[in-house]
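Visitor: Here you go, one structure.
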Amino acid sequence: ASINDQQNKPSYKVDCPWHINISKKSKDIYMVTTFVNEHKGYTLNSQTVYLLSQFRKLTKEILDDIQFWISA
């Protein structure tokens, strides 16, 4: 499947408490400071892992932001 064949759909909040905070300690060392592995408000689909990379692509602007924050 091509990224050009995707159907863009709106996202919505489900009040899921899952989140992770990561701190960069040095060039190649990252530390997980907070990890809440709790999902609720929706059903996780195990097949998502096989489909996501085919249909999603980060914009250059987002990639630049990520690069900025991990290089800080």
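Values quoted throughout were computed directly from the atomic coordinates according to the rules given, and no laboratory measurement underlies them. Remember, predicted model here, so these are calculated numbers, not experimental data. Note that each Cβ is placed from the backbone with ideal geometry, even for glycine, and that neighbours are counted across all protein chains shown.
Visitor: Once you list every other residue whose beta carbon is under 11 Å from the beta carbon of residue 41, what net charge do they have if Lys and Arg are +1 and Asp and Glu are -1?
Guide: 0
Visitor: Net charge within 13 Å of residue 66 by Cβ-Cβ distance, Lys/Arg positive one each and Asp/Glu negative one each, not counting residue 66 itself?
Guide: -1
Visitor: Let me ask you something else. Less than 11 Å Cβ to Cβ from residue 31, Lys/Arg counted +1 and Asp/Glu -1: what total charge do the surrounding residues give?
Guide: For residues surrounding residue 31, the net value is +2.
Visitor: Tell me, in nm to one decimal, what length is gained between residue 46 and residue 27 on full extension, where the rule is 0.36 nm per residue of separation less the Cα-Cα distance?
Guide: 3.5 nm
Visitor: Also, I was wondering about something else. Note the full-extension length gain between residue 20 and residue 70 as 0.36 nm times their separation in residues minus their Cα-Cα distance, in nm to one decimal.
Guide: The residue 20-residue 70 span can extend by a further 16.5 nm.
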